Amino acid sequence: MAFVRRKGNTYFLVHNVRRRGKVRQLHLAKLGQRPRITDDVVRKVSRNHPFLDLDWSRLREQVSSRVELFDIRSQYVQGLMHSLRNLNLDLADLSPPLLVMADQANSSRELVTHLRLLRSTLDIKLDQFERTGTTNRQGGRRYR
């Protein structure tokens with residue numbers, strides 16, 4: 001039976017197997033700091049371990065309840081805040097004219113596509129915060 005295991009700050013998908021009378025853990029996939037079982041993970045595990053019959057829906061449910069996103073002091077949320085700060089600084093330093101001039105294989109188009117996806121995700125999340133009536137505690141203003 002496969003399950004999600006945390007080792008340090010990283011989550012793994014593991015499966016117990018018995019070899020010579022001893023139970024060993026077979027590492028099926030590294031799921032990272034925020035565990036996600038994507039279609040890519042399912043394909044890789046199924047390809048590398050074709051004889052394992054895994055309950056993917058149960059595993060996805062188990063993974064979705066692992067990370068404590070509601071606790072602002074949790075290590076994951078603090079890491080997310082750090083990543084957002086760094087992303088904000090990196091985007092501020094990005095120079096579109098130089099990127100277009102150095103365009104290799106339409107990389108600037110791909111970047112623009114990802115930026116649009118990020119904007120859509122941010123709009124959805126900000127709308128969710130506004131619908132709950134949450135305000136910015138420092139200034140009493142809404143998030144927009």
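For this structure, a couple of remarks:
The rows are residues; the columns are (1) at pLDDT below 80; (2) in contact with an Asp or Glu (Cβ under 6 Å, 6 or more places away or on another chain).
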position	(1), (2)
37	no, no
45	no, no
53	no, no
58	no, no
65	yes, no
68	yes, no
71	yes, no
74	yes, yes
79	no, no
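- Note on the stretch 26-67: residues that are surrounded by fewer than 17 Cβ atoms within 10 Å (Cβ to Cβ), assigned to a strand (DSSP E or B) and either β-branched (Val, Ile, Thr) or over 13 Å from the mean Cα position of the chain (by Cα) (or both) total 2.
- Number of the condition not met by residue 80 [criteria: (1) part of a loop (DSSP other than H, G, I, E, B); (2) of a type outside the set (Asp, Glu); (3) in the same structural domain as residue 116 (by TED's automatic domain parsing)]: (1)
- Only listed residue being surrounded by 15 or more Cβ atoms within 10 Å (Cβ to Cβ) and either touching a Ser or Thr at 6+ places or on another chain (Cβ under 8 Å) or without any contact (Cβ under 8 Å) to a residue 12 or more places away in the chain (or both), chosen from 4, 77, 23: 77
- Checked against (1) in the same structural domain as residue 125 (by TED's automatic domain parsing); (2) touching a residue at least 24 places away in the same chain (Cβ under 8 Å), residue 34 meets all criteria but (1).
The values are calculated or read from the model by the stated rules, or taken from the named source; none is laboratory data. Source: prediction; values computed, not measured. Here the Cβ is made from the backbone with ideal geometry for all residues, glycine too, and neighbour counts use every protein chain on show.
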